[in-house]
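Please read the structure below before turning to the comments.
Readers should treat all values here as calculations from the given coordinates under stated rules, not as data from a laboratory. This is a predicted model, so every value here is computed, not measured. Neighbour counts run over all protein chains shown; Cβ positions are idealised from the backbone, glycine included.
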Amino acid sequence: MTAVATTPTTAAPATNRPNRARRRANALWGLVAWLVGIVFFLPVAWMVLTSLHSEADAGTNPPKFTAPLTLDGYREFFGATTGASPWPPLINSATASIASTLLVLALAIPAAYALAIKPVRKWTDVLFFFLSTKMLPAVAALLPIYLIAQKLGLLDNIWLMVILYTSMNLPIAVWMMHSFLAEVLICFIFSWNELLFARVLTATVAQTAPVFLTSFVTSQGLFLAKVCAAATAISLPVLAAGFAAQDKLVQGLSLGAVK
Amino acid sequence: MSAVETATARVVRPVGARPARAQPRRTAWIRRAPLLPALVFLIVVTQLPFVATLVISFMNWNALYPDQVRFTGVDNYRTVLTDAALRASIVTTVELTVSVVLVSLLLGLLIALLLDRVFLGRGLVRTMLIAPFLVVPVASALLWKHALFNPVYGLFNGVLTDVWHLFGANSPPQPDWITQSPKAAVVTALVWQWTPFMMLILLAGLQSRPAEAFEAATVDGASAWQTFRYITLPHLRRYLELGALLGSIYVVQNFDAVFTITSGGLGTANLPYTIYQTFYQAHDYGRASAAGVVVVIGTIIIATFALRVVSSLFREEAKR
């Protein structure tokens, strides 16, 4: 740095040229950013496009980018031929996400109040205890929870998932109650997305959307457009929520450490 | 469990330990009361099952042989640590986590640097880049497996066919991506998902850089690389650490991608998947629990570092 500091500043009279060069560099890097953005968005775009193709057009090689659009995939998703309605799993996911978020709020607001507004003694220890539960791998608790749920007759019951999702999100909610609007969103997304617990602990009645999604993959026949339609439809609430509050995402995901 | 707490306590002490004046007992409990429902709920739902896991891990308990349930000491741990498949899954977990976190962190850094500049349509590009993170994880895994990687009708091989035809060649290569490189396939799908996360954290870091240091560097005629190396990178260090640690915590536990893309086959079974399988298909509760405890211990080691980073960021925040 000292070597740099001694360099004389000769640029004073020719301010025009560096500015133009900088503008050109900015445009160039902007173009690169656009390319990267498109590459990352491509799979999503392909998913949406394929979901609007007929099964015959979806399964071709080379791909038919300009095949006629149809809503057949979505009709299938809504059970046109199989009669399997996506609404129960979707409603289950919504129930689990919304109810667990509300329960999180009900528990976290008083806790955050006790920790932040009128701090109890050793409040940071409590705060870090909350956080540390989030870092323990959920899979290690799966078995006892399964056994307990079996004993209590709670298997395949969506309210079991509500309780579990609440416990998964409570630490984050307590941790960053200051801006809890963002938290509401993240809890919803995490609950909506969860597969492992839902797969083991629910079956037909309480089945959530991610579990339902895996059932679209069949060993016989074509299913690509259906899967893409289902994947798109199930991701839509999360995409909508996430796009609506991009700025809050980081804060929620980094447990409030990044503002 | 206590290991986490002691680690936590050690991390926390310098932050908040303000010796509080002795409060009358009753007011202390009134103050604590709002905290209790959340605390009790969390202990019951997350801590007690771990205790149960710990107990079961010392038992011989296979659901298919309910009459043979008994304590066996450390047998399950011996099996877990000597069983080749389980050991392989530990190695796989480390491989998956390290490669996904490092690659997505690097890509995230490059993209964050790009997005830190002013250009036309920056908001739209940022929105497009966030999209992968917002696709439901199972949906994204299905998308990669069937719509992109599939050797017959996947987009990748389809584009290869198109490109080859474009140049008049008739036999385009049609690799079976997942079979030929299963781990790379899982890593690619996960990197695609996690790069936006890293990018967002690092972008937040970049945008909180003190402007004065930059102006000074520009006035002094520092090159772009020098500014990056001596100002940006040191400032980003803790954001990089935070991204790496949070990413590790989430990726170590990954289940969706492994379950969907390869069903744990072809050497991609990580620990969460193996535990799921031991418990769900082999019904060996004891062994599954022992493997669970092993994961917990591994995570505690990572979590200790993570808590330290988060608490140092918090201290910074408090200073401002």
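Quick check: pseudo-label points 7 Å beyond the Cα along Cα→Cβ at B:Ala224 and B:Leu266, how many nm apart are they?
Label-label distance for B:Ala224 and B:Leu266, simple model: 3.9 nm.
Between A:Leu28 and A:Ala56, 0.36 nm times their residue separation minus their Cα-Cα distance comes to what?
Result: 6.0 nm gained on full extension.
Rounded, prolate or oblate: which one fits segment A:17-77, using the alpha carbon gyration tensor with axes a ≥ b ≥ c (rounded when a/c is under 1.5, else prolate when a/b beats b/c, else oblate)?
Cα axes put segment A:17-77 in the prolate bin.
Simple spin-label model, 7 Å along Cα-to-Cβ: B:Asp162 to B:Leu106 in nm?
2.8
What average number of partner chain Cβ atoms lie no more than 10 Å from the Cβ of the residues making up B:195-205?
Shielding by partners across B:195-205 averages 4.
Go ahead and collect, in residue order, the members of segment B:265-285 whose backbone nitrogen is under 14 Å from a label point 7 Å along the Cα-Cβ direction of B:Asn62.
Only B:278-285 pass the distance filter.
Computed FRET efficiency, Cβ-Cβ of B:Val55 and B:Arg237, R0 45 Å: what is it to the nearest 0.05?
It comes to 0.60.
State to the nearest 20 debye the size of the charge dipole of chain B about its Cα centre, where the only charges are +1 on K and R beta carbons and -1 on D and E beta carbons.
Dipole about the Cα centre, nearest 20: 1540 debye.
Give me the percent relative contact order of segment B:30-182, please, defined on Cα pairs under 8 angstrom at least 6 residues apart.
That works out to 9 percent.
Over the whole of A:222-235, what's the average partner chain Cβ count within 10 Å per residue? Rounded to a whole number, please.
Counting Cβ atoms of other protein chains within 10 Å of each residue's Cβ and averaging gives 4.
Assuming R0 = 25 Å, what is the FRET efficiency of A:Leu147 and A:Leu102, from their Cβ-Cβ distance, to the nearest 0.05?
0.35
Please work out whether chain B counts as rounded, prolate or oblate from its C-alpha gyration tensor, where a ≥ b ≥ c are the square roots of the eigenvalues and a/c under 1.5 means rounded, while otherwise a/b larger than b/c means prolate and anything else oblate?
Here chain B falls in the oblate category.
Within segment B:267-307, list the residues whose amide N lies under 17 Å from a label point set 7 Å along Cα→Cβ of B:Arg78.
Hits in segment B:267-307 for B:Arg78 at 17 Å: B:286-288, B:290-291.
What 222 nm value per residue comes from the helices of chain B, counting each DSSP H run with n ≥ 4 as -39,500 (n - 2.57) and dividing by all residues, nearest 500 deg cm²/dmol?
The helix contribution divided over chain B gives -22000 deg cm²/dmol.
Other chains near B:120-129: what is the mean number of their Cβ atoms within 10 Å of each residue's Cβ?
If you average over the peptide's residues, the count of other-chain Cβ atoms is 5.
Contour minus end-to-end for B:Arg87 and B:Val44, with contour as 0.36 nm per residue of separation and end-to-end as the Cα-Cα distance?
So the extension gain works out to 12.3 nm.
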